[in-house]
Each structure stands twice: as structure tokens, then as C-alpha cells.
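The structure under discussion appears below in the form of C-alpha cells.
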Amino acid sequence: MGTRGIVNVTSSGNPDKILVSIYSQYDSYPSGLGEDIKKALHDGNTKIINGIGGAEHQCPSYFNGMECLAAYLVKSLKCGIGGIYLYSPGQTEEYNYTLYNKGADLYLKVISSYSQSKILFDDLLAKFDSKLIGR
């Protein structure tokens, strides 16, 4: 049996509007999916910008809005058949991840439904460390 998770990517500057929900069928613990998100997004060393500039604003460190980031994250997490799916917003699972931005900075919120929807982490993605929050 897998440990399921949902990754919600929100609209630029509007954490209440979910652009896409990415369903993970297994290994969705913070030490699994949480670390996969951070690794896919270059250890959180990313910036959300509005418009594509010159050479200093190149992928993979910069994303032209959260829509650009969402597409990149799906591409990075998906590998072959099964495992990762796109779902309609609104579903919750055992672990629920939300990516949102404040200006150019990218944040991650992790909620566990195992602990009455306890917030395990809510800070800059670059500060996320699954070893500090446990399973």
C-alpha cells in the first residue's frame, strides 16, 4: 500500500487559487515526495519572476510565474507509467503539499492528515529539511 500525497501549486501571488494538483500514489512522506519537490526545484534556490529577461533569468533557477513552475514540476516528478497524476483541485490525501510564492520567493506548506491536519512545515522551500520534521 502506498502513502498518498497531493502537491497543490497556487497562482502567482494568490495562495488561495490552485492552478494544478499533482497526485502522488506512493512515498509521499516528507522524506520522499517533500525531498523530491525540493530537489526538482533546485533545493528551493529558485525565483518567481514576471516576464522573461536576459541570460540572468534562465531556467532552471527562474520561473516565469507559478504556471511555468507548475509545468516544470510535473515534468520533473513524472517518470513513466503510474505514480504521478494530475487531479482536479480540492482533494486531500495523507500528506498535502502547497507551493506558493510571495513576490520572487517560493514557499512550501506541508500538512499531515495523520495528525488532525497538523502543519508540519510552512516556510521558504530552501529551508525545508525532512529530517527536522520527521515522517
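Confirm whether LYS131 is of a type outside the set (Val, Ile, Thr), under 19 Å from ASN14 (Cα atoms) and either touching a residue at least 40 places away in the same chain (Cβ under 8 Å) or in contact with an Asp or Glu (Cβ under 6 Å, 6 or more places away or on another chain) (or both). Break it down stepwise before answering.
Working: of a type outside the set (Val, Ile, Thr): yes; under 19 Å from ASN14 (Cα atoms): no; either touching a residue at least 40 places away in the same chain (Cβ under 8 Å) or in contact with an Asp or Glu (Cβ under 6 Å, 6 or more places away or on another chain) (or both): yes.
Here the answer is no, as LYS131 does not meet what is asked.
Here the stretch 53-108 is the region considered, the condition is being surrounded by 12 or more Cβ atoms within 10 Å (Cβ to Cβ), polar (S, T, N, Q) and closer than 20 Å to GLY5 by Cα, and the residue that is modelled with the lowest pLDDT is GLN91. Can we say TYR97 is within 15 Å of ALA126 (Cα to Cα) and free of Cβ contacts under 8 Å to residues at least 24 places away in the same chain? Here the answer is no, as TYR97 does not meet what is asked.
Test ASP123 against the criterion of being surrounded by fewer than 17 Cβ atoms within 10 Å (Cβ to Cβ) and at pLDDT 95 or above, and give yes or no.
On the way: surrounded by fewer than 17 Cβ atoms within 10 Å (Cβ to Cβ): yes; at pLDDT 95 or above: yes.
Here the answer is yes, as ASP123 does meet what is asked.
Quick one: is VAL20 modelled with pLDDT of 95 or more and either aromatic (Phe, Trp, Tyr) or more than 26 Å from LEU132 (Cα to Cα) (or both)? Break it down into steps so the answer makes sense when it comes.
Values: modelled with pLDDT of 95 or more: yes; either aromatic (Phe, Trp, Tyr) or more than 26 Å from LEU132 (Cα to Cα) (or both): yes.
So VAL20 passes the test.
Which of the residues spanning the stretch 15-32 are touching a helix residue (DSSP H, G or I) at 6+ places or on another chain (Cβ under 9 Å) and under 19 Å from GLU67 (Cβ atoms)? Reasoning before the result, please.
To start, the set of residues in the stretch 15-32 that are touching a helix residue (DSSP H, G or I) at 6+ places or on another chain (Cβ under 9 Å) comprises 19-20, 22, 24, 26-32.
Of everything in the stretch 15-32, those that are touching a helix residue (DSSP H, G or I) at 6+ places or on another chain (Cβ under 9 Å) and under 19 Å from GLU67 (Cβ atoms) turn out to be LEU19, VAL20, ILE22.
Count of the stretch 1-19 residues, restricted to those that are surrounded by 18 or more Cβ atoms within 10 Å (Cβ to Cβ), part of a strand (DSSP E or B) and either small (Gly, Ala, Ser) or without any contact (Cβ under 8 Å) to a residue 40 or more places away in the chain (or both), is 1.
Pick from the stretch 30-51 the residues that are of a type in the set (D, E, K, R) and farther than 24 Å from SER113 by Cα: which of them is nearest to the chain's Cα centre (by Cα)?
As a first pass, look at the stretch 30-51 and keep what is of a type in the set (D, E, K, R): 35-36, 38-39, 43, 47.
Those left that are additionally farther than 24 Å from SER113 by Cα: 43, 47.
Working: ASP43: 12, LYS47: 14 Å.
If we take residues in the stretch 30-51 being of a type in the set (D, E, K, R) and farther than 24 Å from SER113 by Cα, then ASP43 is nearest to the chain's Cα centre (by Cα).
May I ask you to say which residue of ILE84, ILE119 is in contact with a helix residue (DSSP H, G or I) (Cβ under 7 Å, 6 or more places away or on another chain) and β-branched (Val, Ile, Thr)? Give the derivation first.
Values: ILE119 fails: in contact with a helix residue (DSSP H, G or I) (Cβ under 7 Å, 6 or more places away or on another chain).
The unique qualifying residue is ILE84.
The values are calculated or read from the model by the stated rules, or taken from the named source; none is laboratory data. From a predicted model like this one, the values you see are computed outputs, not experimental measurements. Counting neighbours? That spans all protein chains shown, and the Cβs are built from the backbone with ideal geometry, glycine included.
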